[in-house]
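Step one of this worksheet: look at the structure below.
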Amino acid sequence: MGKNKKKNRLKIPPPKELEVLKIIQEEGKIYAVEIVNKSKGEIKKGSIYNLLDRLAKKGLIGPRVKASKGDLYNRFFIKPRFYYTITALGKRVLKEYWKVQQLQ
């Protein structure tokens, strides 16, 4: 008796999350406000953190604290800024996305 096996396909994120993921991959590591600027109006300041939170919960990106002794944020105990990087899973999702795009 044969079992019906599902292919282990990665789920492609919605368009705005996908755009954020592409920008992060292009830059390597980037601050949220820079993502907004590089999106050329596609991503708004009011939605960037929600998009980043969703991508992080899915394991597609990983936030890192900017840690520098001369950093203004560290010297005055102000909340540190984060920069974002893409994870291995995020890279696999983008690779799958490009594969699907080529088939269409």
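The values are calculated or read from the model by the stated rules, or taken from the named source; none is laboratory data. These numbers were taken from a predicted model, which means no experiment stands behind them. So basically every Cβ, Gly included, is an ideal-geometry build from the backbone, and we count neighbours across all protein chains shown.
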Check your understanding: Do we find that residue 21 is hydrophobic (A, V, I, L, M, F, W, C), within 10 Å of the chain's Cα centre (by Cα) and modelled with pLDDT of 95 or more in this structure?
Key -> yes
Check your understanding: What number of residues within region 30-52 are of a type outside the set (Phe, Trp, Tyr) and closer than 15 Å to residue 62 by Cα?
Key -> 7
Practice item. Return the pairs, sorted by first residue and then second, in which the second residue is part of a helix (DSSP H, G or I) and not small (Gly, Ala, Ser), the first residue lies in region 25-38 and is without any contact (Cβ under 8 Å) to a residue 40 or more places away in the chain, the beta carbons are less than 7 Å apart, and the residues are 6+ apart or on different chains. Key: 36/45; 36/48; 38/23
Check your understanding: Quick one: is residue 44 among the basic types (Lys, Arg), over 10 Å from the mean Cα position of the chain (by Cα) and at pLDDT 75 or above?
Key -> yes
